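Q: To start, I am sharing the structure in question, which I have written as structure tokens.
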Amino acid sequence: MKEIPTREQLNKVDKDVLITMFLSMAQQMEQQTELIKMLKLEVESLSEKLSLSNTRQFAPSTEAGLTDGEQLSIYSLGFNEAEALAEEALPQEPEMEEVTSYRRKKKAGKREADLSGYPVEEVTHELSEEELKDLFPNGYTVLPDEVYKKLEMIPSTFKVMEHHVKVYKGRDGRIIKAPRPKEMISNSIATPSLVSAIINAKYVNAVPLYRQEQEYKRNDVNISRQTMANWCILSSERHLSLIADRLKQELMKSHVLHADETPVTVIKDGREGTHKNYMWVYRTGEMCKANPVVIYDYQKTRKAEAPREMLREFQGKLVCDGYQVYHGMEDDMADITVCGCWAHARRPFAEVVKSMGKEKAKGTAAYEALLQIEQIYRKDNELRRLPAKERKRKRRLLVKPLVDGFFQWAKEEQLNVLPSSKTAKGLQYCLNQEKYLRKFITDPEVPLDNNPAERAIRPFCVGKKNWVLIDTIHGARASAVLYSIVETAKANNLKPYNYFKHLLTEIPKHMEDTDLEFLEELLPWSDYLPDDCRKKNT
């Protein structure tokens, strides 16, 4: 170790040498400080990766409650918060009873409303005349009954419908048969109610056919899964594809569409080996006034030709994630404007905060990013019920400053985080997608995120975990048709089973029609649908 020079020794050293020594020491200190900073970032990055790994393996998937939701940074407040808020009308102050009440009020008559519409079987509990004479020797009067209700369920009830068609022979030798209803599938025991039950179990409740086969056997009904699959495919190709094609026409009329895709394995897709196939989903915007439509589209590829073929007649805004195929469409298709998804922008930061824990994450860039994005969501959600014109004005006034503040902060903060960290990648994603993430500000019908498409495709993702793969292209296309009708029915508050039963009863009656006008009365929002197709409590 070198000996520290004394004051007398330093006084004898030339001034230029002292300056050189001082600058050298300052440079070394700066380098050491930078090294410590880099090492600290490396430690934080490794800690982040370890936390993320543990979270993916052990933690639940929810992202709720990751921030306090009350703290506001200088960036998340925006630059004209006071002026903007001053333009808003002050909300009416709540009454004391509303503030202090913590009990949820029971809605009067809710149970009666829930049970209304079901057939009622009256069960009477009474005393015999002998018992009454013993209890009331001096006579009695019958008062109004005490009435209470219970809900019974009769699962898996089967009955055979044996059709007898009368045959008549005239004296002139002519033979005439009485009219009979059109069959859904000729020379088959399948009925609309049976096939609808199979479709409902698989495509609504994600019960694979082999488990349905087992359940039927437990009820002494022997229907193989191959037969059930054949019924689903035939009813889809012959009848239900007509309504799915009609729904696709309605989809193209929407001003805003959502899009997403997910891989699926199809064994016999015409190629050797196993290849990834894709199920694409398209949904009308939830903030548009048009009737909601969800369309599934099976394709062998994830390349651009799949959505371009589907959307070749579409004119409007397409909300999607950051997949480059969607963005390329904006350059090639002049009628389409691509809008970004803030849920995808939020996700990397949410993963980091969840992996670290909220308290430990406070003060990190990921927590700050998450907090700012939540402020954007909160402010925009407050405008959701406003008329479109007013929502557009308030978005520019109240939400745009928050968005501007977030991107200004992100550009500055990107220099302070390790490039390999999840937080840095999240910031880079946001900055790369800035053009698309800002699009919602200028169109009141464009939402912040692509969650409607993700919700629409989730039932298929749940289902494919149960059956893992699809055997043929016919099966994949049938699944696309059936999921399209299921999700559109749910979006329009219909009961899928009842709706399928109605479709499979009515469509076979029109198979010889020269036009398809009859489909108008079968659309999910048609006034001609039977009441039992509609949910009473929505």
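Q: Scan region 290-308 for residues that are crowded, with 16+ Cβ neighbours inside 10 Å and closer than 16 Å to residue 249 by Cβ and jot them down.
A: Selection gives 291, 292, 293, 294, 295, 296, 297.
Q: Of the numbered conditions (1) assigned to a loop (DSSP other than H, G, I, E, B); (2) at pLDDT 95 or above, residue 317 satisfies every one except a single condition; which is it?
A: For residue 317, the failing item is (1).
Q: All but one of (1) in contact with a helix residue (DSSP H, G or I) (Cβ under 8 Å, 6 or more places away or on another chain); (2) more than 30 Å from residue 190 (Cβ to Cβ) hold for residue 453; which doesn't?
A: (1)
Q: Same structure, new question: Kindly indicate whether any position in region 475-485 is modelled with pLDDT of 95 or more and more than 17 Å from the chain's Cα centre (by Cα).
A: There is at least one residue in region 475-485 that is modelled with pLDDT of 95 or more and more than 17 Å from the chain's Cα centre (by Cα).
Q: Tell me which of these residue 494 doesn't satisfy, since it passes every other one: (1) open to solvent by less than 50 Å² (accessible area, probe 1.4 Å); (2) touching a residue at least 60 places away in the same chain (Cβ under 8 Å).
A: Only one criterion in (1) open to solvent by less than 50 Å² (accessible area, probe 1.4 Å); (2) touching a residue at least 60 places away in the same chain (Cβ under 8 Å) is unmet by residue 494, namely (2).
Q: Here is a list of conditions, (1) surrounded by 13 or more Cβ atoms within 10 Å (Cβ to Cβ); (2) in contact (Cβ under 8 Å) with a residue 12 or more places away in the chain, and residue 535 meets all of them except one; can you say which number that is?
A: Going through (1) surrounded by 13 or more Cβ atoms within 10 Å (Cβ to Cβ); (2) in contact (Cβ under 8 Å) with a residue 12 or more places away in the chain one by one, residue 535 breaks only (1).
Q: Next question, about the same structure. Does region 483-538 hold any residues that are among the aromatic types (Phe, Trp, Tyr), assigned to a loop (DSSP other than H, G, I, E, B) and either more than 24 Å from residue 297 (Cα to Cα) or in contact with a Phe, Trp or Tyr (Cβ under 8 Å, 6 or more places away or on another chain) (or both), and which are they? Lay out the reasoning, then the answer.
A: Restricting attention to region 483-538, the residues satisfying the condition of being among the aromatic types (Phe, Trp, Tyr) are 483, 497, 499-500, 518, 525, 528.
Add one more test, that the residue is assigned to a loop (DSSP other than H, G, I, E, B), and what stays is 525, 528.
Correct list: 528 only.
Q: Going residue by residue through region 168-190, is there one that turns out to be outside any loop (DSSP other than H, G, I, E, B), of a type in the set (S, T, N, Q) and in contact (Cβ under 8 Å) with a residue 24 or more places away in the chain?
A: Initial filter on region 168-190 (outside any loop (DSSP other than H, G, I, E, B)): 168-169, 175-177.
Going one step further and asking which of them are of a type in the set (S, T, N, Q), we end up with none.
So far as region 168-190 goes, no, none of its residues is outside any loop (DSSP other than H, G, I, E, B), of a type in the set (S, T, N, Q) and in contact (Cβ under 8 Å) with a residue 24 or more places away in the chain.
Q: Being in a helix (DSSP H, G or I), modelled with pLDDT of 95 or more and open to solvent by 20 Å² or more (accessible area, probe 1.4 Å) is the requirement here; does residue 391 meet it? Show your work before the answer.
A: On the way: in a helix (DSSP H, G or I): yes; modelled with pLDDT of 95 or more: yes; open to solvent by 20 Å² or more (accessible area, probe 1.4 Å): no.
Here the answer is no, as residue 391 does not meet what is asked.
Q: Next up: What are the residue pairs meeting all of these: first residue in region 146-157, first residue in contact (Cβ under 8 Å) with a residue 24 or more places away in the chain, second residue surrounded by 10 or more Cβ atoms within 10 Å (Cβ to Cβ) and of a type in the set (Lys, Arg), Cβ atoms under 8 Å, and 6 or more apart or on different chains?
A: Every condition considered, the pairs that remain are 149/111.
Q: Also: Can you name the residue in region 512-526 that is of a type outside the set (D, E, K, R) and open to solvent by 90 Å² or more (accessible area, probe 1.4 Å) and is also modelled with the highest pLDDT among such residues? I'd like the intermediate steps shown before the answer.
A: So in region 512-526, the residues of a type outside the set (D, E, K, R) come out as 514, 516, 518-519, 522-526.
Still in the running and open to solvent by 90 Å² or more (accessible area, probe 1.4 Å): 514, 516.
Working: 514: 87, 516: 93.
This residue is 516.
Q: Sort out which residues of region 253-289 are assigned to a loop (DSSP other than H, G, I, E, B) and open to solvent by 60 Å² or more (accessible area, probe 1.4 Å), and write them in order of number. Reasoning before the result, please.
A: We begin by selecting, within region 253-289, every residue assigned to a loop (DSSP other than H, G, I, E, B); these are 253-255, 269-275, 285-289.
Passing the criteria: 253, 255, 270, 271, 272, 274, 275, 286, 289.
A quick yes/no check of all residues on (1) touching a helix residue (DSSP H, G or I) at 6+ places or on another chain (Cβ under 9 Å); (2) at pLDDT 95 or above:
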| position | (1), (2) |
| --- | --- |
| 358 | yes, no |
| 363 | no, no |
| 374 | yes, yes |
| 378 | no, yes |
| 385 | yes, no |
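Q: Criterion first (open to solvent by 50 Å² or more (accessible area, probe 1.4 Å) and of a type outside the set (Asp, Glu)) does residue 365 satisfy it? If you could, list the steps in order and put the result at the bottom.
A: Working: open to solvent by 50 Å² or more (accessible area, probe 1.4 Å): no; of a type outside the set (Asp, Glu): yes.
So residue 365 fails the test.
Q: List pairs: first residue in region 238-250 and among the polar types (S, T, N, Q), second residue open to solvent by 10 Å² or more (accessible area, probe 1.4 Å) and in a helix (DSSP H, G or I) anywhere in the structure, Cβ distance under 8 angstrom, at least six positions apart or on different chains.
A: Pairs found: 241/481.
Q: Select from region 395-421 the residues that are in contact (Cβ under 8 Å) with a residue 60 or more places away in the chain and open to solvent by less than 60 Å² (accessible area, probe 1.4 Å) and list them in ascending order.
A: 397, 398, 401, 402, 404, 405, 406, 409, 417, 418, 420, 421
Q: For region 323-332, does any single residue satisfy the condition of being open to solvent by less than 30 Å² (accessible area, probe 1.4 Å), of a type in the set (A, V, I, L, M, F, W, C) and touching a Phe, Trp or Tyr at 6+ places or on another chain (Cβ under 9 Å)? Let's see the steps before the verdict.
A: As a first pass, look at region 323-332 and keep what is open to solvent by less than 30 Å² (accessible area, probe 1.4 Å): 325-329.
Checking which are of a type in the set (A, V, I, L, M, F, W, C) leaves us with 325, 329.
Those left that are additionally touching a Phe, Trp or Tyr at 6+ places or on another chain (Cβ under 9 Å): none.
Scanning region 323-332 turns up no residue that is open to solvent by less than 30 Å² (accessible area, probe 1.4 Å), of a type in the set (A, V, I, L, M, F, W, C) and touching a Phe, Trp or Tyr at 6+ places or on another chain (Cβ under 9 Å).
The values are calculated or read from the model by the stated rules, or taken from the named source; none is laboratory data. Every value quoted in this text rests on a predicted model; they were computed, and no experiment measured them. Note that each Cβ is placed from the backbone with ideal geometry, even for glycine, and that neighbours are counted across all protein chains shown. For accessibility, only protein heavy atoms count, side chains too; no ligands or nucleic acids. Shrake-Rupley method; radii C 1.70, N 1.55, O 1.52, S 1.80 Å.
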